[in-house]
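J.: Sharing a structure below in structure tokens format, with a few things to ask.
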Amino acid sequence: MFYLKLRRQLSHPVLAQLQSQLPQSVSVRFIHLGDGDPEPQSEGGIPPYVPSLQPPAYVVRKAGFDLLKDPWCNKGSAFPKSERDRLGLRGLLPPRSLTLDLQAARFMEDYYHPRHLIPPEDVKSGGVTSEMARRWKVLQELQDRNETLFYRVLFEHFTEMAPIVYTPTVGWVCVNYHKLYRRPRGMYFSAEDRGDMAAMMYNWPQPDVQAIVVTDGSRILGLGDLGINGLGIPIGKLDLYCAAAGFSPSKVLPVVIDVGTNNESLRADRHYAGLRIPRITGPEYFEILDEFVTAAMARWPNAVLQFEDFSIEHAGPLLRRYRKHHLVFNDDIQGTAATALAGLYGALRVLNLPASALKEQRIVCVGAGSAGMGVVRMIAAGMQKQGLSFEQAASRFWVLDYNGLITVARSSMTEYVRPFACRDPSHEGESLLSVIKRIKPTILLGLAGAGRLFTEEILTAMNEGCPQQRPLIFPMSNPTSRMECTAEEAMRCTGGRAIYASGSPQPPVELPDGRTVAVSQANNMYIFPGVALGGFLGQTRIITDAMLMAAAEELPKLVPKEDLEKGLVYPRLAAIRDISASIATAVALAAGEEGRLRGRMRDKFAQGPDAMRSFISKSMFYPDYKALVHLPRGIEE
């Protein structure tokens, strides 16, 4: 450290210029000495006190989001905890405070190696190309500067852009979110916020939130534990809420709950801004979630609360814990299930079979997690509606996990799996290929998230076991890298006979004989926006099984005849607004039949379905510029 003594007062720009001309390795403190002032002397080896010419603190007139939008005052994730508390920033930033040096290092990494340039080997495994990542960044930059324009573009180009703002690109986003983070978009609640969550809710500036999507990052798509990086999923999900179902972008809230992560590579990453502790589990975990749900529902009691990508040990218990008290649903369990059942009803239409033919199907499901068992139970409920008892319906399923076929001989299984365990213990652990050859299923479902489990041998056996009916093959795992098989593989191994639908989008398949076969995407975006909209506008307080069944039964009715002839089991995404309005109407009708409607929707229910559909359509947000009026602070706030 060098001291430069000045006998003349210089302005800050001049001092800055002097500093800039010195080598970076030289640290200088400027000392102004007036005429006659003595030079500072050390005393007892202690350096002298030297007043700084730089102010120790700056006065700001902003707080919360307004402060974070100010490029001069904003420190991003480097705000220390003390400033977060006094400036209304708790919950608006990732839990762990970074440093200016780390922020600069992250920028320079991006400067020299743009993150949207994805290595070829990662493209092959993840299904997300550099061009897809580039388009995601372009859309994010647009959303940062003009949300109305962003949603107009997304609305008008939904089919093309949905895979960019959501799966499969969102999987890449979540893996890299700690390096892609630029500005706050949603809220963070952590284990360190216990006792403060109710107050933190008021740091979010919108007093009228209508939809909340929350994750704890423990099971992001098929990618595993990504900690607070999982916030990318609620953000992408709510973009679809707005574009597909007409929720206002200003009235939705993405949330991540940080209870630590078991992903050791993330905990060791210097850029990761979440808690660097192993995941909290047991009663302490539920106490944290209880506090969050109580705080969120206290501030926004009419909002839809959707749980997203929670691990199997928590997803089911959390749904059962809250669904009878709040407008809550779990898209992985209930949305995926309704989408799958809707696809099977659509496939029966392709086969010119009635809905009652569902009870005659033999179904093999690979994946016994929360999503897989949610699908199995929903299809079983559909079979019950077609006349089977629960026991009869359960006997039509064969469920496999990584240990093979699950039978009653399995020593450990969840209560949700037990009713669907094969009754013959001699087949415990049987391989997928052996099960298919023995059972000859008509439907093969993939919900394991473990990659290419449907091999050529398995797909060929599936085709050979269905001589009278085209095989139904639904690899529903996301993202593309976790899908059980591609459309091309399914069509090649079945000679184009398969009726195929996948969780991530797949291109049409050209067969050796010159035919081009269209394939469907079994994506939850057909279901969850309309379910949320119907529940919210109907003020139904809870979302029931009957409401979800109504959504599943409505969706296949929306597939045009010409698309059924092509083998498509879902309607085209280009009509997503009409689809969501129809689903919302069906959901509200089911709620009305249960006596759960309140407010204006109850009046529309008395007038009939057309009045309900009209009310729902007119309630949808449409991205357009409106006239702006300035009101001083305190007026109508």
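J.: For Arg596, state whether it is under 18 Å from Ala303 (Cα atoms) and outside any helix (DSSP H, G or I). If you could, list the steps in order and put the result at the bottom.
T.: On the way: under 18 Å from Ala303 (Cα atoms): yes; outside any helix (DSSP H, G or I): yes.
Yes: the conditions hold for Arg596.
J.: Which residues, taken from the range 194-251, are farther than 26 Å from Arg84 by Cα and among the aromatic types (Phe, Trp, Tyr)?
T.: Hits for the range 194-251 are Tyr241, Phe247.
J.: Pairs only if they're at least six apart or on different chains, beta carbon under 8 angstrom, first in the range 173-195 and on the phi > 0 side of the Ramachandran plot, second open to solvent by less than 40 Å² (accessible area, probe 1.4 Å) and modelled with pLDDT of 90 or more; list them, first residue then second.
T.: Gly186/Leu231; Gly186/Pro234; Gly186/Ile235; Gly186/Leu253; Gly186/Pro254; Gly186/Val255; Gly186/Val256
J.: Filter the range 281-333 for residues that are assigned to a helix (DSSP H, G or I) and aromatic (Phe, Trp, Tyr); which is most open to solvent (accessible area, probe 1.4 Å)? Talk me through it step by step, then tell me what you get.
T.: To start, the set of residues in the range 281-333 that are assigned to a helix (DSSP H, G or I) comprises 282-299, 312-322, 331-333.
Then keep just the ones that are aromatic (Phe, Trp, Tyr); that gives 285-286, 292, 322.
Working: Tyr285: 2, Phe286: 44, Phe292: 2, Tyr322: 15 Å².
Going through the qualifying residues, I end up with Phe286.
Results for (1) open to solvent by 70 Å² or more (accessible area, probe 1.4 Å); (2) charged (D, E, K, R), shown as yes or no for each residue.
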| position | (1), (2) |
| --- | --- |
| Lys62 | yes, yes |
| Leu67 | no, no |
| Leu89 | no, no |
| Leu102 | no, no |
| His113 | yes, no |
| Thr129 | no, no |
| Leu139 | no, no |
| Arg145 | yes, yes |
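J.: Scan the range 487-506 residue by residue and report those that are out of contact with any strand residue (DSSP E or B) (no Cβ under 6 Å at 6 or more places or on another chain) and closer than 19 Å to Val170 by Cα.
T.: Gly503, Ser504, Gln506
J.: I'm told Ala268 meets every condition in (1) open to solvent by less than 40 Å² (accessible area, probe 1.4 Å); (2) within 27 Å of Asp101 (Cα to Cα); (3) small (Gly, Ala, Ser) except one. Can you identify the failing condition by its number?
T.: Of everything listed in (1) open to solvent by less than 40 Å² (accessible area, probe 1.4 Å); (2) within 27 Å of Asp101 (Cα to Cα); (3) small (Gly, Ala, Ser), Ala268 misses just condition (1).
J.: Among (1) surrounded by fewer than 21 Cβ atoms within 10 Å (Cβ to Cβ); (2) part of a helix (DSSP H, G or I), where does Arg276 come up short?
T.: Result: Arg276 fails condition (2) only.
J.: Turning to a different aspect of this structure: Of all residues in the range 194-214, which are of a type outside the set (A, V, I, L, M, F, W, C) and either touching a Gly at 6+ places or on another chain (Cβ under 7 Å) or closer than 14 Å to Val252 by Cβ (or both)? Break it down stepwise before answering.
T.: Here is the first cut: in the range 194-214, the ones of a type outside the set (A, V, I, L, M, F, W, C) are 194-196, 202-203, 205-208, 210.
Asn203, Pro205, Gln206, Pro207, Asp208, Gln210 - these are the residues of the range 194-214 that are of a type outside the set (A, V, I, L, M, F, W, C) and either touching a Gly at 6+ places or on another chain (Cβ under 7 Å) or closer than 14 Å to Val252 by Cβ (or both).
J.: Within the range 603-637, work out how many residues are farther than 19 Å from Phe528 by Cα, among the charged types (D, E, K, R) and in contact (Cβ under 8 Å) with a residue 24 or more places away in the chain.
T.: Summing the residues that are farther than 19 Å from Phe528 by Cα, among the charged types (D, E, K, R) and in contact (Cβ under 8 Å) with a residue 24 or more places away in the chain in the range 603-637 gives 1.
J.: Sort out for me the helices (runs of 4 or more DSSP H) sitting completely within the range 530-593 that have 2 or more residues that are within 20 Å of Ala606 (Cα to Cα) and under 24 Å from the mean Cα position of the chain (by Cα).
T.: Values: elements: 545-554, 561-565, 576-593.
Fully inside the range 530-593 and qualifying: 545-554, 576-593.
J.: Let me ask another. Do we have any residue at all in the range 480-494 that's out of contact with any helix residue (DSSP H, G or I) (no Cβ under 7 Å at 6 or more places or on another chain), in contact (Cβ under 8 Å) with a residue 40 or more places away in the chain and surrounded by fewer than 17 Cβ atoms within 10 Å (Cβ to Cβ)?
T.: No; the residues of the range 480-494 include none that is out of contact with any helix residue (DSSP H, G or I) (no Cβ under 7 Å at 6 or more places or on another chain), in contact (Cβ under 8 Å) with a residue 40 or more places away in the chain and surrounded by fewer than 17 Cβ atoms within 10 Å (Cβ to Cβ).
J.: Something else about it: Considering only the range 40-81, state which residues are within 19 Å of Ser97 (Cβ to Cβ) and assigned to a helix (DSSP H, G or I).
T.: Answer for the range 40-81, where residues must be within 19 Å of Ser97 (Cβ to Cβ) and assigned to a helix (DSSP H, G or I): Gly64, Phe65, Leu67, Leu68, Gly76, Ser77, Ala78, Lys81.
J.: Next question. Regarding Tyr241, is this residue modelled with pLDDT of 95 or more, of a type in the set (Ser, Thr, Tyr) and within 27 Å of Ser97 (Cβ to Cβ)?
T.: Numbers: modelled with pLDDT of 95 or more: yes; of a type in the set (Ser, Thr, Tyr): yes; within 27 Å of Ser97 (Cβ to Cβ): no.
In short, no.
J.: Within the bounds of the range 231-243, is there any residue that is on the phi > 0 side of the Ramachandran plot and either open to solvent by 10 Å² or more (accessible area, probe 1.4 Å) or more than 12 Å from the chain's Cα centre (by Cα) (or both)?
T.: Narrowing the range 231-243 to residues on the phi > 0 side of the Ramachandran plot: none.
No: the range 231-243 contains no residue that is on the phi > 0 side of the Ramachandran plot and either open to solvent by 10 Å² or more (accessible area, probe 1.4 Å) or more than 12 Å from the chain's Cα centre (by Cα) (or both).
J.: Restricting to the range 425-479, count the residues that are under 29 Å from Leu564 (Cα atoms) and open to solvent by less than 20 Å² (accessible area, probe 1.4 Å).
T.: Number of matching residues: 24.
J.: Within the group Ala162, Ala198, which residue is open to solvent by 20 Å² or more (accessible area, probe 1.4 Å), in contact (Cβ under 8 Å) with a residue 12 or more places away in the chain, of a type in the set (A, V, I, L, M, F, W, C) and not in a loop (DSSP other than H, G, I, E, B)?
T.: Values: Ala162 fails: open to solvent by 20 Å² or more (accessible area, probe 1.4 Å).
When all the criteria are applied, what remains is Ala198.
J.: Next question. Hey, among the residues in the range 343-384 that are of a type in the set (D, E, K, R) and assigned to a helix (DSSP H, G or I), which one's farthest from Pro467 (Cα to Cα)? First the steps, then the outcome.
T.: Filtering the range 343-384 for residues of a type in the set (D, E, K, R) gives 349, 359-360, 362, 377.
Then keep just the ones that are assigned to a helix (DSSP H, G or I); that gives 349, 359-360, 377.
On the way: Arg349: 18, Lys359: 19, Glu360: 15, Arg377: 27 Å.
Looking at the filtered set, the residue picked out is Arg377.
The values are calculated or read from the model by the stated rules, or taken from the named source; none is laboratory data. Computed from a predicted structure; not experimentally measured. Positions of Cβ are generated from backbone atoms using ideal geometry, with glycine treated the same way; all protein chains shown enter the neighbour counts. The accessibility values were calculated without ligands, DNA or RNA, using every heavy atom of the protein model including side chains. Shrake-Rupley method; radii C 1.70, N 1.55, O 1.52, S 1.80 Å.
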